[in-house]
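J.: Got a structure for you, written out below as structure tokens; questions coming shortly.
Derivation of every value follows stated rules applied to the coordinates shown; laboratory data play no part. Because the structure is a prediction, the values reported are computed rather than measured. Note that we place each Cβ from the backbone using ideal geometry, even for glycine, and neighbour counts take in every protein chain shown.
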Ligand SMILES: Cc1cc2nc3c(=O)[nH]c(=O)nc-3n(C[C@H](O)[C@H](O)[C@H](O)COP(=O)(O)OP(=O)(O)OC[C@H]3O[C@@H](n4cnc5c(N)ncnc54)[C@H](O)[C@@H]3O)c2cc1C
Ligand code: SF4
Ligand code: SF4
């Protein structure tokens, strides 16, 4: 009766350090952690002590005999990770937490400004409060009216367990030495260099909120929106409440095949009654009640092996009552080189391909196609796709090459979920190519390679838009260490 990690695991690794058997992997110290879709419990070693259940902030762990029918597949998913020979060599006792030894604390109070109150900003505050042995004052500047960033305005409303992480994150705001300023956009309302003068350390955790443009004809037509706009709309983001979302047509197309694409497909097709008890914006729920959308096609540039969505999100979509998942058999062949989890994911898609869709609401996963342009004069009426051939390049990467074959789909709504990008803050170095703040060990670097003393960046604005909420905790820990090391070394100054 081992314990099992479920779909909504956000990789924050809170369970890892409490496990007496060290049977939850990959840990943040293991190389696979940065790319892992979730963490997995080794069924052979788990002794069912339940310590991980108490440590998990979002109830993502259950004993296997308490799983619902739809979640039973996670027994296999957890076990499959350990069938890979590379994952069998871990120590059976947990690593000891590192002992932090720092020189005698300076007398001065460490004053820190945190820019952005998303998961990364709040995790960083938590790390500073836990690790610091010096008097500390933290001021947080947040441009919106609420904390939580994409954990509030991005995570789908029906992912209520994941959204419950907000409660854990926001606990730090109760501390007397932490002050929050909402409605303040650094770079517009406050100059970042001024913050640099006032505080010993400025921690930039502003995320990556914009959607990458497609650069195709028709992109700005009515009926063409970014997934970021649509997600912000259904999550009641103050800047998206007036967005015009026309759901009167029957078919929507989502461009991109990451988890966000599956989120928006699921929300578009969910029975609105399922969403009543969630945090969905009331106006969005009303619009979904009268929506005509019955079919959503999700487009991937490459094949199902390269799809960016996680296996657990695919399972979540498949398990959503009232939604049928369908895809074509193309590129779903079995290959001996596939690892166990990839093989399992393809098997799930083959099952979807084998079912004949008969229900009213359906998601079609379509692979190896790219959008060429949108049809329509004043509003979207369809999309022209080009079919891609999948080739392997000299580095072994699968790449999509446009063929001469094209395809037209009628649709009234197109959502661009091709990926998020960050934007820079005036006065702070910016890597135009990667769209991130350039850093080394979390310390901001100028474009000519010099360190900007006292400035740090973390989370999506540092790594780019990938990784779940919890993966930002590891980043947050690193910059908290960097700030404390620099302060103790006497490298940081602040105007008194
Ligand atoms: C649609 C969507 C759904 C997701 N669903 C999940 C999920 O189900 N599970 C999961 O684990 N992960 C999910 N993620 C990923 C998760 O949300 C991110 O890993 C996480 O939010 C990144 O944290 P961050 O703090 O770096 O950035 P953000 O969450 O973007 O936070 C940045 C904060 O900075 C503020 N800010 C920006 N600019 C300024 C400025 N100039 N001045 C002051 N404040 C500023 C923003 O308002 C925001 O509050 C999802 C992401 C998206 C986009
Ligand atoms: S139940 Fe106990 S032994 Fe099993 S994974 Fe959780 S903490 Fe580890
Ligand atoms: S959310 Fe965190 S604590 Fe819960 S299972 Fe995932 S990594 Fe472990």
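J.: Is the C-alpha gyration tensor of the stretch 225-278 telling us rounded, prolate or oblate? Criteria: a/c under 1.5 is rounded; beyond that, a/b larger than b/c is prolate, otherwise oblate.
T.: Judged from the Cα gyration tensor, the stretch 225-278 comes out rounded (a/c under 1.5).
J.: Right, another one. Write down the percent of antiparallel bridges among all DSSP beta bridges whose residues are both part of the chain, to the nearest 5.
T.: 40 percent
J.: Grab the beta carbon distance between residue 109 and residue 342, set R0 = 41 Å, and tell me the FRET efficiency rounded to 0.05.
T.: For R0 = 41 Å, the calculated efficiency reads 0.20.
J.: Here's something else I'd like to know. In a Debye calculation with equal point scatterers on the alpha-carbon sites of the stretch 210-420 and no solvent, what is log10 I(q)/I(0) at q = 0.08, 0.09, 0.11, 0.18 Å⁻¹?
T.: -0.27, -0.34, -0.52, -1.37
J.: Could you check the simple spin-label distance between residue 389 and residue 213, using points 7 Å along Cα→Cβ, in nm with one decimal?
T.: 3.2 nm
J.: Based on the alpha-carbon gyration tensor of the stretch 355-473 and its eigenvalue square roots a ≥ b ≥ c, which shape applies: rounded if a/c is under 1.5, prolate if not and a/b is larger than b/c, or oblate? Walk me through the intermediate numbers first.
T.: Details: a/c = 2.30, a/b = 2.11, b/c = 1.09.
In terms of gyration-tensor shape, prolate.
J.: Kindly express, to the nearest 10 degrees and within the range 0 to 90, the angle between helix 119-131's C-alpha long axis and the longest C-alpha principal axis of the chain.
T.: 30 degrees
J.: Then there is this: Rounded to the nearest 500, what is the chain's calculated 222 nm mean residue ellipticity when only DSSP H runs of at least 4 contribute -39500 (n - 2.57) each, over all residues?
T.: For the chain, the value works out to -6500 deg cm²/dmol.
J.: In whole Å, how far is the Cα centre of the stretch 330-367 from that of the stretch 302-319?
T.: Centre-to-centre distance over Cα atoms comes out at 9 Å.
J.: Still on this structure: Could you tell me which of rounded, prolate or oblate describes the stretch 115-274, using a ≥ b ≥ c as the square roots of the eigenvalues of the alpha-carbon gyration tensor, with rounded for a/c under 1.5 and, failing that, prolate when a/b is larger than b/c and oblate otherwise? Provide the component values of the computation, followed by the final result.
T.: Numbers: a/c = 2.79, a/b = 1.84, b/c = 1.52.
Prolate, since a/c reaches 1.5 and a/b exceeds b/c.
J.: If we sort 134-141, 416-423 on the protection proxy, mean other Cβ atoms within 10 Å, highest first, what's the order?
T.: Put in order of decreasing packing, that is 416-423, 134-141.
J.: A further question on this structure: Can you sort 27, 182, 35, 162 by how many other beta carbons sit within 10 Å, fewest first?
T.: 35, 182, 27, 162
J.: Listing 295, 473 from the residue with the fewest other Cβ atoms within 10 Å to the one with the most, what is the order?
T.: By the 10 Å Cβ count, ascending: 295, 473.
J.: I would also like to ask the following. How large is log10 I(q)/I(0) at q = 0.24 Å⁻¹ when the Debye formula is applied to the Cα atoms of the stretch 117-195, each weighted equally and without solvent?
T.: Normalising to I(0) and taking log10 leaves -1.17.
J.: Okay, next question. Using only alpha carbons, build the gyration tensor for the chain and give me the equivalent ellipsoid semi-axes, biggest first, whole Å. Kindly include the intermediate steps, with their values, before the conclusion.
T.: Working: eigenvalues 288, 166, 94 Å².
Computed over the chain, the values are 38, 29, 22 Å.
J.: I've got another one for you. With angles folded into 0 to 90 degrees, how steeply does helix 471-488 sit against the dominant principal axis of the chain? Use alpha carbons for both and round to 10.
T.: So the inclination is approximately 20 degrees.
J.: Using alpha carbon coordinates only, what is the Rg to Rh ratio of the stretch 172-260, with Rh defined as the Kirkwood radius?
T.: 1.09
J.: Quick one: check the C-alpha center-to-center distance for the stretch 473-496 versus the stretch 208-243, whole angstrom.
T.: So the separation of the two Cα centres works out to 37 Å.
J.: Provide Rg and Dmax in Å for the stretch 215-340, with only Cα atoms included in the calculation.
T.: 15.8, 51
J.: Would you mind ranking 254, 369, 184 so that the residue whose beta carbon has the fewest other beta carbons within 10 Å leads the list?
T.: 184, 369, 254
J.: Calculate, axis by axis, the spread of Cα positions in the stretch 3-87 along the three principal axes, and write the results as whole Å, longest axis first.
T.: 32, 24, 22
J.: Return the distance in nm (one decimal) between the two label points of a simple spin-label model at residue 193 and residue 358, each offset 7 Å from Cα along Cα→Cβ.
T.: Each label point is offset 7 Å from its Cα along the Cβ direction, giving 7.0 nm.
J.: While we're here: How far is the Cα center of the stretch 409-427 from the Cα center of the stretch 140-170, in Å?
T.: That distance is 20 Å.
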